[in-house]
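Student: Attaching a single structure in structure tokens format; questions to follow.
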Amino acid sequence: MNEYVISREELRKWCSVPVDELGTHPDRKMELMMGEDKTALLEEIGNMITDEVIANNAVGKNTVWILPGGIGKVYDVFIRRVNEERISLKNLYVFHVDQWLDWEYRLFPTTNLRFSMKGKMLQSFYAKIDPELNVPEGQRYFPDPADPDLIDNKIEELGGVDTILGGVGCKGLIGWNERPISNVHHITLEQYANSKTRAVHMTDETIIAYAEREFGGCYEALPPNGITIGMKSMLTAKRAIFIVMTGSWKETVVRVAMFSEPTVEYPVTLFPKYVPQCIMCCDRKTADHVISREYQDAPILR
């Protein structure tokens, strides 16, 4: 069976939608949560996830999350409310989406707060929560190449995920679930949707993106590998909230995520097929595609 491939005509069509029409467009596959103030948007997400724990606690249900590492303002709101409102996290299960691995596919020590997700989250998240309220240590999960099946098995045992939060790469990666690039192996859409927690080698485009953004273009500063929760567990979620606020280089992936059919070319496009509620949260600048404003009379993508 032929798999869907995004055409140049579709890209032009999606990138040409005026920003003020995105949220109500009849072809959209995700909800749009957009605003001028990035901080206000992140605080709103922090309140959304806090309210989810409160609601589940009220009826004696577990709350199951997949969380990334780089959304401090979201976590600040969550931590403040937990501590001030005395919200118990004893029924919260947290699965951290990925970790960096060195060139030999080994984890970094937790003292390396830049490249150890576990070290970073222990210090910046768990250490700030009142011990009487905190997530039990046995309910905090980090991907580990020594036991890659642990997370998938536990999520299945718990009956799936309530909410996944995550950023989105410029080619649609979630966690380290990047688009498969190989001249000799083909991964089908079905295989990709069933992918498990696994070690991965970073694509050059991901290394370049991080190096340009954080390390002055020094590509050698980035580890070459990672370990990520796979799409199989992610796609059990009842809600996915994607946070994309890094400006012009994410304008296209916002449009693809909003309108495309599922394709491994942009892994984020798989979510609307499986996850009942998908929310694209972005600032107006990131949502406002340059092609919709400046190139309508030019032969772009024709």
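The values are calculated or read from the model by the stated rules, or taken from the named source; none is laboratory data. Since the structure is predicted, the reported quantities are computational estimates derived from the model, not experimental observations. All Cβ positions, glycine included, derive from the backbone under ideal geometry; neighbour counts span all protein chains shown. We work out accessible area using only protein heavy atoms, side chains counted, and drop any ligands, DNA or RNA first. Shrake-Rupley method; radii C 1.70, N 1.55, O 1.52, S 1.80 Å.
Student: Counting only the heavy atoms of the protein chains, how much of Lys285 is accessible to a 1.4 Å probe, in Å² to the nearest 10?
Tutor: Approximately 140 Å² of Lys285 is accessible to the 1.4 Å probe.
Student: Further, regarding this structure: Give the shape of the range 144-186 as rounded, prolate or oblate, defined through the alpha-carbon gyration tensor: a ≥ b ≥ c are the square roots of its eigenvalues, a/c under 1.5 means rounded, and otherwise the shape is prolate if a/b is larger than b/c and oblate if not.
Tutor: oblate
Student: Next question. Gaussian network model of the chain, Cα springs within a sub-10 Å range: biggest mean-square fluctuation belongs to which of Val161, Val264, Val59?
Tutor: Val59
Student: At 1.4 Å probe size, with the rest of the protein present, what percent of the exposed accessible area of the range 38-157 is carbon and sulfur atoms?
Tutor: Of the solvent-accessible surface of the range 38-157, carbon and sulfur hold 49 percent.
Student: Just by accessible area at a 1.4 angstrom probe, what is the order of Ser182, Ser260 from largest to smallest?
Tutor: Of Ser182, Ser260, the descending order of accessible area is Ser182, Ser260.
Student: For a quick check of understanding: with a 1.4 angstrom probe and all protein chains in place, what accessible area in square angstrom does His201 have, to the nearest ten?
Tutor: Solvent-accessible area, nearest 10 Å²: 120 Å².
Student: Straight-line reach only, C-alpha to C-alpha below 22 angstrom: list the lysines that Lys61 could link to, leaving out same-chain residues fewer than 8 apart.
Tutor: Those lysines meeting the cut-off are Lys90, Lys154, Lys238.
Student: What are the ³J(HN,Hα) values, in whole Hz, obtained from phi via the Karplus relation 6.51 cos²θ - 1.76 cosθ + 1.60 with θ = phi - 60°, for each residue of the range 64-78 in sequence order, with x given for Gly and Pro?
Tutor: 10, 10, 10, 10, x, x, x, 10, x, 5, 5, 5, 4, 5, 4
Student: Can I ask one more? Protein chains only, probe 1.4 Å: how do Arg302, Arg213 rank by accessible area, largest first?
Tutor: Ranking Arg302, Arg213 by accessible area, largest first, yields Arg302, Arg213.
Student: Alpha carbons only, please: Rg and Dmax for the chain, in angstrom.
Tutor: In order Rg, Dmax, the Cα atoms of the chain give 19.2, 62 Å.
Student: From largest accessible area down, sort Ser7, Ser248; use a 1.4 Å probe on the protein chains.
Tutor: Values: Ser7 40, Ser248 85 Å².
Ranked from most to least accessible, the order is Ser248, Ser7.
Student: Taking the square root of 5 times each eigenvalue of the Cα gyration tensor, what semi-axes in Å does the equivalent ellipsoid of the range 173-217 have, largest first? Display every interim value, and only then the final one.
Tutor: Working: eigenvalues 117, 30, 12 Å².
Equivalent ellipsoid of the range 173-217: 24, 12, 8 Å, largest first.
Student: On to the next question. Let me know the whole percent of all Cα-Cα pairs from the range 81-168 that are separated by more than 17 Å.
Tutor: Here the long-distance tail beyond 17 Å is 56 percent of all Cα pairs in the range 81-168.
Student: Net charge near Gln296: determine it from the other residues with C-beta under 13 Å of the C-beta of Gln296, scoring Lys and Arg +1 and Asp and Glu -1.
Tutor: Once all neighbours under 13 Å are counted, the net charge is +2.
Student: Let me ask something additional. Heads up, I need the accessible area for Leu122: 1.4 angstrom probe, whole protein in place, Å², nearest 10.
Tutor: Roll a 1.4 Å probe over it and Leu122 shows about 70 Å².
Student: Along its principal axes, what span do the Cα atoms of the range 1-153 show, with the longest given first and each in whole Å?
Tutor: 53, 44, 31
Student: May I pose another question? Mind checking which aspartates and glutamates have their C-alpha under 18 Å from Lys120, skipping anything on the same chain fewer than 8 residues away?
Tutor: Asp76, Asp98, Asp102, Asp130, Glu137, Asp144, Glu214
Student: Another question, if that's okay. In Å, the Kirkwood hydrodynamic radius of the range 197-302 over pairs of distinct alpha carbons?
Tutor: About 16.0 Å, per the Kirkwood formula over Cα pairs.
Student: Which of Ala209, Ala193, Ala221 ends up with the largest GNM mean-square fluctuation for the chain, with Cα atoms connected below 10 Å?
Tutor: Ala221
Student: Also, quick follow-up: Which residue fluctuates the most in the chain, going by a Gaussian network model with Cα springs under 10 Å, if the choices are Asp288, Asp152, Asp20?
Tutor: Asp20
Student: Let me ask something else. Using DSSP, restrict attention to beta bridges with both residues in the range 57-215 and report what percent are antiparallel, rounded to the nearest 5.
Tutor: 20
Student: Turning to a different aspect of this structure: Express the accessible area of the chain per residue in Å², computed with a 1.4 Å probe while the remaining protein chains stay in the model. Don't jump to the answer; show the numbers that get you there.
Tutor: Working: 14340 Å² over 302 residues.
Result: 47 Å² per residue.
Student: Provide the percentage of antiparallel DSSP beta bridges, counting only those with both residues in the range 193-302; round to the nearest 5.
Tutor: Working: 5 of 11 bridges.
Bridges in the range 193-302 are about 45 percent antiparallel.
Student: From the phi of every residue in the range 39-54, what ³J(HN,Hα) in whole Hz does the Karplus formula 6.51 cos²θ - 1.76 cosθ + 1.60 yield, where θ is phi - 60° and glycine or proline is x?
Tutor: 4, 5, 5, 5, 5, 5, 5, x, 5, 4, 6, 5, 4, 5, 4, 4
Student: List every residue whose amide H lies under 5 Å from the amide H of Cys278, counting only residues 5 or more places away in sequence or on a different chain, with H placed 1.01 Å from N in the peptide plane.
Tutor: Glu31, Ala240
Student: Continuing with this model, one more query. Looking at the chain, what % of its DSSP beta bridges pair antiparallel, to the nearest 5?
Tutor: Counting DSSP beta bridges with both partners in the chain, the antiparallel share is about 30 percent.
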